[in-house]
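J.: Have a look at this one.
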Amino acid sequence: MRDETLAIHGGYEADSTRAVAVPIYQTVAHEFIDADHAGAIMDLESPGFHYNRINNPTVDVLEQRLTALEGGVGAMAVGSGSAAVSMSVLNLVSAGDNFVSVPQLYGATYTYFAHVLPTLGVEVRFAADDRPDSIAARIDGRTKAVFCETVGNPAGNVIDLAAVAEMAHGLGVPVIADNTVATPFLLKPFAHGADVVVHSLTKFVGGHGTTLGGMIIDGGTFPWADHPERFGFMIEPEPAFHGVRYASEFSDAAYITRCRTVGLRNTGASLSPFNAFLHLQGLETLAVRLPRHEANSRTVAAFLAAHPQVASVSFLGFPDNPYYELARRYLGDRVPSILTFTVRGGRTAGIAVFNRVKLFKRLLNMGDAKSLITHPASTTHRQLTPDDLKLAGITPDMVRLSIGLEHPDDLIEDLDQALAAAAADAD
Ligand SMILES: Cc1ncc(COP(=O)(O)O)c(C=O)c1O
């Protein structure tokens, strides 16, 4: 099946009720037939559901659908994108380890890496920028992963994933890529060498600003068993779960199996069946929503670029964007509907536009059917120091737009009146 079809049918076969929509299995547990059945399920010897902190039939369909769309071998849903980010790295690190991250990250991811993981003895080494050489310079024998966003939020950088993956694999290190901004319809990280993909489903997949969710997908590509010095825990018996040996017993699904048996089982950051159902509804229309998001964002970007009060526009669809070539290589002729701009008059003028919009919603989300506006330096990235902001590709005057599905003329009229009102405020 092609992507558009997978997004609607992937991972679901109706049971005896012949329900066409994926049913919401709103239950905490599933009854065992007998003790042997219980043992076989608990030891992962036979597939099945037993307790919904660990798996659930509705959530399972969403996991299979994202696995198929990304081209992975297995996936695990969690309650939010942040849970996906944190669990994706916690699955590989212990106190004393490190991993290397690009600096262009979503704000809460940056804060978690910079200020929370170090308190657990995990060092997150930020590369000076997103180039393979800069990342390689920070890798050593205790490095367990490289973390990046395929398209950075809100910096809008496009990682040269194939080059980063080749470098990291040469040093025996897997690559985790957050594909939230691009979605699997615009970019397939596994095809370019990523080993693990994470998503905030909260954004484009859900698509309507109603539901938090996250997903971790295993590409099944990384040869854990070839690196016993670095990934012994994938080879040795797992003390936290029935002594299983992930690499030999689950081969290419070793990473995602450990994620579930150790990560999800113990953190309990599960996605609820109802929220999985809502994400399934969103996913069904993602393929037709994205082109409208994109067309609207091209119209808005062109309007802003031509506006005398606008100082700069950062949009991946513009040939003068520093990441234009990489965007062409990795996204083809498509672009995400996230863009940033600055207004003449700097930070104060940017905040004035933010304050003066009427149709755009002032909030922290993106990827909604509704158009959204954010001032990253005072919201999502508020906790960053001026130096960290610069490293993350955020300027104090930057305003970020997530372009929705409204009529583009209404969006332009709103921005036009907000720019005029902001100018009047400044007089
Ligand atoms: C790129 C990226 N990753 C992860 C997250 C975290 O997702 P959530 O808000 O679902 O926890 C976000 C949130 O904006 C994001 O933009």
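Derivation of every value follows stated rules applied to the coordinates shown; laboratory data play no part. None of these values were measured; they are calculated from a predicted model. With ideal geometry, Cβ positions are generated from the backbone for all residues, glycine too; neighbour counts draw on all protein chains shown.
J.: Using DSSP loop states and a limit of at most 13 other Cβ atoms within 10 Å to flag GluC sites (Glu not before Pro), what is the longest stretch of the chain containing no flagged site? Could you put the intermediate results ahead of the total?
T.: Working: sites that count: Glu13, Glu31, Glu45, Glu229.
Counting only loop sites that pass the neighbour cut-off, the longest clear stretch is 230-427.
J.: Right, next: Kindly point out which whole DSSP H helices in the chain project their C-alpha atoms 30 angstrom or further along the helix axis while averaging a Kyte-Doolittle hydropathy of -1.0 or above.
T.: Values: long enough: 273-306 (46 Å, 0.26).
Once both thresholds are applied, what remains is 273-306.
J.: Let me have the relative contact order for the chain, percent, based on Cα pairs under 8 Å that are six or more residues apart.
T.: Numbers: 851 pairs, mean separation 71.5, N = 427.
Relative contact order of the chain: 17 percent.
J.: At what distance in nm do the modelled label points of Asp416 and Thr27 sit from each other, each positioned 7 Å from its Cα along Cα→Cβ?
T.: 5.8 nm
J.: Could you give the length gained by full extension between Ser134 and Asp333, i.e. 0.36 nm per residue of separation minus their alpha carbon distance, to one decimal place?
T.: 68.9 nm is the gain from fully extending Ser134 to Asp333.
J.: Another one. Subtract the Cα-Cα distance of Ala40 and Ala426 from 0.36 nm times their separation in residues, and report this length gain in nm to one decimal.
T.: Values: separation 386, 0.36 × 386 = 138.96 nm, distance 6.99 nm.
Net length gain for the segment: 132.0 nm.
J.: How many times 2.2 N^0.38 Å is the alpha carbon radius of gyration of region 288-426? All intermediate terms of the calculation are to be shown ahead of the outcome.
T.: Details: Rg = 14.4 Å, N = 139, 2.2 N^0.38 = 14.3 Å.
In units of the 2.2 N^0.38 Å rule of thumb, it is 1.00.
J.: Net charge near Gly207: determine it from the other residues with C-beta under 9 Å of the C-beta of Gly207, scoring Lys and Arg +1 and Asp and Glu -1. Intermediate results must be reported in sequence, preceding the final value.
T.: On the way: positive: Lys203, Arg289; negative: Asp368.
Within the 9 Å Cβ shell, the charges total +1.
J.: Normalising by the residue count of region 288-426, find the relative contact order in percent from Cα pairs under 8 Å and 6+ residues apart. Write out the running numbers ahead of the final one.
T.: On the way: 219 pairs, mean separation 40.2, N = 139.
That works out to 29 percent.
J.: Per DSSP H run of at least 4 residues, take -39500 (n - 2.57); add these up for the chain, divide by its residues and hand me the 222 nm value, nearest 500 deg cm²/dmol. All intermediate terms of the calculation are to be shown ahead of the outcome.
T.: On the way: 15 runs with 151 residues, N = 427.
Helix contribution divided over all residues of the chain: -10500 deg cm²/dmol.
J.: Which net charge results for the neighbourhood of Glu413, defined as the other residues with beta-carbon distances under 15 angstrom from its beta-carbon, given Lys and Arg at +1 and Asp and Glu at -1?
T.: Details: positive: Arg356, Lys358; negative: Glu406, Asp409, Asp410, Asp414, Asp416.
Overall, the nearby charge balance is -3.
J.: Given R₀ = 60 Å, FRET efficiency for Lys358-Thr17 by Cβ-Cβ distance, to 0.05? Each step should come with its number before you reach the end.
T.: On the way: r = 47 Å, r/R0 = 0.78.
Computed FRET efficiency for Lys358 and Thr17: 0.80.
J.: PRE reach from Val116 (point 7 Å along Cα→Cβ): which of region 201-242 fall under 17 Å by backbone N?
T.: Answer for region 201-242: 201-202, 212-216.
J.: If the chain between Glu325 and Glu406 were fully stretched, how many nm would it gain, using 0.36 nm times the residue separation less the Cα-Cα distance?
T.: Once the chain is fully extended between Glu325 and Glu406, it gains 26.2 nm.
J.: With r as the distance between the Cβ atoms of Arg245 and Ala191 and R0 = 22 Å, compute the FRET efficiency 1/(1 + (r/R0)^6) and round to 0.05. Could you put the intermediate results ahead of the total?
T.: Details: r = 29 Å, r/R0 = 1.33.
The computed FRET efficiency comes out at 0.15.
J.: Based on alpha-carbon centroids, what's the gap between region 321-337 and region 252-294 in Å, whole number please?
T.: 26 Å
J.: Now a separate question. Separation of region 70-96 and region 386-409 by C-alpha centroid, Å?
T.: Cα centroid of region 70-96 versus Cα centroid of region 386-409: 26 Å apart.
J.: With a 10 Å Cβ neighbour count serving as the proxy for reagent exposure, in which order, fewest first, do Arg2, Arg362, Arg230 appear? Kindly include the intermediate steps, with their values, before the conclusion.
T.: Values: Arg2 7, Arg362 12, Arg230 19.
Ordered from fewest to most neighbouring Cβ atoms within 10 Å, Arg2, Arg362, Arg230 come out as Arg2, Arg362, Arg230.
J.: Between region 18-67 and region 194-245, what's the alpha-carbon centroid distance in Å?
T.: Each part reduced to its Cα centre gives a spacing of 19 Å.
J.: Also: For region 129-139, what does the Karplus curve 6.51 cos²θ - 1.76 cosθ + 1.60, with θ = phi - 60°, yield as ³J(HN,Hα) per residue in whole Hz, taken in order and with x for Gly and Pro?
T.: 7, 9, 7, x, 4, 5, 6, 4, 4, 9, 7
J.: Decide, for region 358-427, between rounded, prolate and oblate: order the square roots of the alpha carbon gyration tensor eigenvalues as a ≥ b ≥ c, take rounded if a/c falls under 1.5, and otherwise choose prolate if a/b is larger than b/c, else oblate.
T.: Details: a/c = 2.84, a/b = 1.42, b/c = 2.00.
Oblate is the answer for region 358-427, as a/c is 1.5 or above yet b/c matches or exceeds a/b.
J.: Now, a different point. What three numbers, in Å, describe the spread of the alpha carbons of the chain along their principal axes, ordered from the longest?
T.: Answer, in whole Å and largest first: 77, 54, 35 Å.
J.: With a point put 7 Å past each Cα toward its Cβ, work out how far Arg142 is from Ala95 in nm, to one decimal.
T.: Modelled inter-label distance: 1.2 nm.
J.: log10 I(q)/I(0), Debye, Cα-only region 101-204, no solvent, q = 0.16, 0.19 Å⁻¹?
T.: These q points yield log10 I(q)/I(0) values of -0.65, -0.92.
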